[in-house]
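The values are calculated or read from the model by the stated rules, or taken from the named source; none is laboratory data. Predicted model only: the values in this text are computed from it and were never measured. Here the Cβ positions follow ideal geometry from the backbone for every residue, glycine too, while neighbour counts run over all protein chains shown. Calculation scope for accessible area: heavy atoms of the full protein, side chains included, ligands and nucleic acids excluded. Shrake-Rupley method; radii C 1.70, N 1.55, O 1.52, S 1.80 Å.
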Amino acid sequence: MAGVPVTAGRDWLPVATIVLGIVALWYVFAVILNAPWAYDQAGRDGVTLGPADLVAATLSQERPRLPAPDQVATELWKSTVEVKPTSKRSLVYHAWVTLSATLAGFALGAALGIGLAVAIVHDRTSDASVMPWVIASQTIPILAIAPMIVVVLNSVGVSGLLPKALISTYLSFFPVVVGMVKGLRSPDALLIDQMRTWNASAGQVFRKLRWPAATPYLFASLKVAAAASLVGAIVGELPTGAQAGLGARMLSGSYYGQTVQIWSALFMAAILAAMLVGLIGLAERMAVRAMGGRPGR
């Protein structure tokens with residue numbers, strides 16, 4: 001058809017090629033890593049494994065070192081489609097528990113990041129005092145600070161969603177601060193001087209120049225912050241002894257050697273992250289259109 005790029009139908013080929021390559025390598029490593037157990041079992045039974053038997057034995061273990069892709073896909077199907085979403089065996093249920101903490105932490109982190117960035121850009125004292133502390137805060141490992149947050153809040157009777165949300169906030173606010181500071185400072189000095197010659201106030205310069213210039217940086221940093229917030233929510237579930245959530249699902253799987261359960265929870269977390277980033281991308285395109293721009297591909 002006229003006007004349709006020749007390569008429009010071929011955009012999926014590179015992605016499909018990479019995915020197929022990853023899946024093929026995954027199967028190869030599943031055979032390699034699970035082979036010792038298969039040989040051990042065959043030796044106990046007095047059976048000699050041929051190549052085909054070895055592949056079959058390594059890809060069908062109940063507790064493999066590395067689950068095969070079809071095992072993970074089957075577990076995902078069983079735990080999302082074949083059980084009720086409200087069941088504690090459902091990954092949808094656990095995903096919602098984690099997602100609620102993720103969204104709360106992401107909202108807090110985005111608001112905090114934007115607020116700090118505005119202060120840093122418009123106040124030299126904040127730039128000199130706050131920014132170094134923002135950077136220094138990220139040198140503390142999250143695995144070290146998460147139990148501290150949980151213990152302190154539990155000591156004052158606060159538990160449940162809030163501790164996990166605060167851990168998510170801790171991870172998510174930093175990319176927003178850095179991105180927004182860069183974006184708010186991105187307008188050329190000549191444009192700022194021109195606004196001042198028009199007797200524009202600081203608020204007008206912010207609304208008419210700095211904020212529109214910072215919008216691409218904002219959405220880019222929000223995508224990073226969303227993924228970081230999800231990681232924070234999962235990490236926050238580990239030291240709490242939580243009974244629900246993807247982190248709790250992974251932890252229980254590690255206790256009982258259920259590697260397929262661990263990997264299915266990991267894939268559910270990846271699906272959640274992809275959905276969050278996709279929603280932010282949709283909001284970005286809508287914002288660009290509202291501002292009169294043309295969304296990129």
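When only residues in region 189-219 that are in contact with a helix residue (DSSP H, G or I) (Cβ under 9 Å, 6 or more places away or on another chain), charged (D, E, K, R) and open to solvent by 60 Å² or more (accessible area, probe 1.4 Å) count, which is nearest to Arg285 (Cα to Cα)?
Lys208
For region 22-35, state whether one or more residues are surrounded by 11 or more Cβ atoms within 10 Å (Cβ to Cβ), modelled with pLDDT of 85 or more and of a type outside the set (A, V, I, L, M, F, W, C).
yes
Quick one: would you say Pro212 is closer than 19 Å to Ala119 by Cα and in a loop (DSSP other than H, G, I, E, B)? Give the steps one after another, and end with the answer.
Details: closer than 19 Å to Ala119 by Cα: yes; in a loop (DSSP other than H, G, I, E, B): no.
No: the conditions fail for Pro212.
Starting from residues that are of a type in the set (S, T, N, Q) and either assigned to a helix (DSSP H, G or I) or out of contact with any helix residue (DSSP H, G or I) (no Cβ under 7 Å at 6 or more places or on another chain) (or both), keep the ones in region 73-116 and report whichever is nearest to Leu166 (Cα to Cα). Break it down into steps so the answer makes sense when it comes.
Taking region 73-116 as the starting set, the residues that turn out to be of a type in the set (S, T, N, Q) are 74, 79-80, 86-87, 90, 98, 100, 102.
With the extra rule that they be either assigned to a helix (DSSP H, G or I) or out of contact with any helix residue (DSSP H, G or I) (no Cβ under 7 Å at 6 or more places or on another chain) (or both), the set shrinks to 74, 79-80, 98, 100, 102.
Details: Thr74: 34, Ser79: 29, Thr80: 28, Thr98: 13, Ser100: 12, Thr102: 10 Å.
Among those that are of a type in the set (S, T, N, Q) and either assigned to a helix (DSSP H, G or I) or out of contact with any helix residue (DSSP H, G or I) (no Cβ under 7 Å at 6 or more places or on another chain) (or both), it is Thr102.
Could you list, ordered by first residue, the pairs with Cβ atoms under 8 Å in which the first is in region 152-170 and over 13 Å from Gly232 (Cβ atoms) and hydroxyl-bearing (Ser, Thr, Tyr) and the second is open to solvent by 80 Å² or more (accessible area, probe 1.4 Å) and in a helix (DSSP H, G or I), at least 6 apart or interchain?
So the pair list comes out empty.
Can you confirm whether region 100-108 contains a residue that is open to solvent by less than 30 Å² (accessible area, probe 1.4 Å), farther than 17 Å from Ala226 by Cβ and in contact (Cβ under 8 Å) with a residue 12 or more places away in the chain?
Looking for residues that are open to solvent by less than 30 Å² (accessible area, probe 1.4 Å), farther than 17 Å from Ala226 by Cβ and in contact (Cβ under 8 Å) with a residue 12 or more places away in the chain, one finds none in region 100-108, hence no.
Which numbered condition in (1) closer than 30 Å to Ile32 by Cα; (2) open to solvent by 30 Å² or more (accessible area, probe 1.4 Å); (3) not small (Gly, Ala, Ser) is the only one that Pro67 fails?
(2)
Among the candidates Val72, Val47, single out the residue that is open to solvent by less than 70 Å² (accessible area, probe 1.4 Å) and either touching a residue at least 60 places away in the same chain (Cβ under 8 Å) or over 30 Å from the mean Cα position of the chain (by Cα) (or both). Outline the logic, then answer.
Working: Val47 fails: open to solvent by less than 70 Å² (accessible area, probe 1.4 Å).
Every option except Val72 fails the conditions.
Mind telling me which of the residues Pro85, Pro36 ends up being over 24 Å from the mean Cα position of the chain (by Cα) and not aliphatic (A, V, I, L, M)? Walk me through it before giving the result.
Numbers: Pro85 fails: over 24 Å from the mean Cα position of the chain (by Cα).
After ruling out the rest, the residue left standing is Pro36.
Open to solvent by 60 Å² or more (accessible area, probe 1.4 Å) and either over 27 Å from Val277 (Cα atoms) or not basic (Lys, Arg) (or both): which single residue out of Arg89, Arg124 fits that description?
Working: Arg89 fails: either over 27 Å from Val277 (Cα atoms) or not basic (Lys, Arg) (or both).
Within the list Arg89, Arg124, the selection yields Arg124.
Could you tell me whether Val224 is open to solvent by less than 30 Å² (accessible area, probe 1.4 Å) and part of a helix (DSSP H, G or I)?
No.
For region 238-257, check the following and say yes or no: at least one residue is in contact with a Ser or Thr (Cβ under 8 Å, 6 or more places away or on another chain) and either more than 25 Å from Pro64 (Cα to Cα) or not assigned by TED's automatic domain parsing to the domain that holds Ala119 (or both).
Yes, there is a match, as at least one residue in region 238-257 is in contact with a Ser or Thr (Cβ under 8 Å, 6 or more places away or on another chain) and either more than 25 Å from Pro64 (Cα to Cα) or not assigned by TED's automatic domain parsing to the domain that holds Ala119 (or both).
Looking only at residues that are of a type in the set (Ser, Thr, Tyr) and not in a helix (DSSP H, G or I) in region 227-258, which one is farthest from Ala144 (Cα to Cα)?
Residues of region 227-258 of a type in the set (Ser, Thr, Tyr): 229, 240, 252, 254-256.
Then drop every residue that is not not in a helix (DSSP H, G or I), which leaves 240, 256.
Values: Thr240: 13, Tyr256: 25 Å.
So, considering only residues that are of a type in the set (Ser, Thr, Tyr) and not in a helix (DSSP H, G or I), the one farthest from Ala144 (Cα to Cα) is Tyr256.
Would you please list the contacts, defined by Cβ atoms under 6 Å and residues six or more apart or on different chains, that run from a residue in region 131-145 that is more than 12 Å from Val178 (Cβ to Cβ) to a residue that is surrounded by 13 or more Cβ atoms within 10 Å (Cβ to Cβ)?
Ile142/Val235
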